[in-house]
1. Tell me the helices (runs of 4 or more DSSP H) entirely within the stretch 92-205 that contain at least 3 residues that are surrounded by fewer than 17 Cβ atoms within 10 Å (Cβ to Cβ).
2. Looking at the stretch 33-54, I want the residues that are among the small types (Gly, Ala, Ser) and have a partner that is part of a loop (DSSP other than H, G, I, E, B) with Cβ atoms under 6 Å, at least 6 apart or on another chain. Which pairs are those?
3. Do you know which residues across the stretch 70-91 are closer than 15 Å to residue 135 by Cα and either surrounded by 16 or more Cβ atoms within 10 Å (Cβ to Cβ) or of a type in the set (A, V, I, L, M, F, W, C) (or both)?
4. When you go through (1) under 18 Å from residue 109 (Cβ atoms); (2) of a type outside the set (Val, Ile, Thr); (3) out of contact with any Pro (no Cβ under 9 Å at 6 or more places or on another chain) one by one for residue 28, which number turns out not to apply?
5. Answer yes if at least one residue in the stretch 209-218 is of a type in the set (D, E, K, R) and either touching a residue at least 60 places away in the same chain (Cβ under 8 Å) or touching a helix residue (DSSP H, G or I) at 6+ places or on another chain (Cβ under 8 Å) (or both), and no otherwise.
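Taken together, the values in this text are just the output of simple stated rules run on the coordinates, not laboratory data. Bear in mind the structure is a predicted one, so any value in this text is a computation, not a measurement. Here the Cβ positions follow ideal geometry from the backbone for every residue, glycine too, while neighbour counts run over all protein chains shown.
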Amino acid sequence: MNAEIETLKPILTADLFPQLDSMLLGLLRSLAPADWEKQTVSPRWKVKDVAAHLLDTALRGVSMGRDGYVAESPAINSSADLAAFINRLNHEGVTVYRRLSPLVLIRLVEVAAKSLAEFHASRDPYGMAPHSVSWAGEEKSANWFDTAREFTERWHHQQQIRLAVDKPGIMTRELYFPVLDCFLRALPFAYRSISAKPGTYAQIIVSGECGGSWYLYRAEEAWQLVENPLGEKASETIIPQEIAWRIFTKGISRESALSQVKVAGDVALGMHVLDMVSIVA
């Protein structure tokens, strides 16, 4: 690697789980009976489905991560196989846990979230995770990245509920910036088939107090995320923080996002970020 290139630093989020989980529990306890059946930006899921999913994934995360328990190991030969497997697990979990009363669901979420937070806090952030962050194109991932990925999951699903019931979002820099930083680690993989002149870079800006700038540098053979701008700027894309998380989690249509995103320079290059997805399924 070129000595001039300074890559991005690890994202350490394990200590943020208790704060995020506390906000989730306060949110769920505040819901009126009708709120549980309101539609979220996820077409398949209402508010109760999302809460059930948060319970299911926390329990699965503790079972696999802390206890090393694997219920099934299907053959995964492609990203499509992985997405199908995850989608099936998610569907099954939601089907089971949405049958519970809101009160029972909340109490189980409290226990499961606490156990999951304790597990992530116990990990060596620089050790190797048992599962890679596939949407970033990694075959092996450090624990810090796997933990940050889990943090983004719990952040954006809670945000889906807040949006559906018209509650204030989790738009604090402490909690939202790490989510954006994690999502945008998918940029080199998302741009892997996009060509550009070596020595140029695309700048992605998320506007707002929770956002920042990310620099995607085109080296001789691949794209790299770098800490500071390097070379000649080829494009600049500005995304409002209010919709950034929705773009990367399939929570807004490309057409709706286009009306709020600004691109300068190479438009095709800058617009490609709108096709990036930082979730598995």
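1. In the stretch 92-205, 102-122 are the helices (runs of 4 or more DSSP H) which contain 3 or more residues that are surrounded by fewer than 17 Cβ atoms within 10 Å (Cβ to Cβ).
2. Final answer for the pair search is 52/98.
3. Those that are closer than 15 Å to residue 135 by Cα and either surrounded by 16 or more Cβ atoms within 10 Å (Cβ to Cβ) or of a type in the set (A, V, I, L, M, F, W, C) (or both): 76, 80, 82, 83, 84, 85, 86.
4. Tallying (1) under 18 Å from residue 109 (Cβ atoms); (2) of a type outside the set (Val, Ile, Thr); (3) out of contact with any Pro (no Cβ under 9 Å at 6 or more places or on another chain), residue 28 fails exactly one: (3).
5. Yes, because at least one residue in the stretch 209-218 is of a type in the set (D, E, K, R) and either touching a residue at least 60 places away in the same chain (Cβ under 8 Å) or touching a helix residue (DSSP H, G or I) at 6+ places or on another chain (Cβ under 8 Å) (or both).
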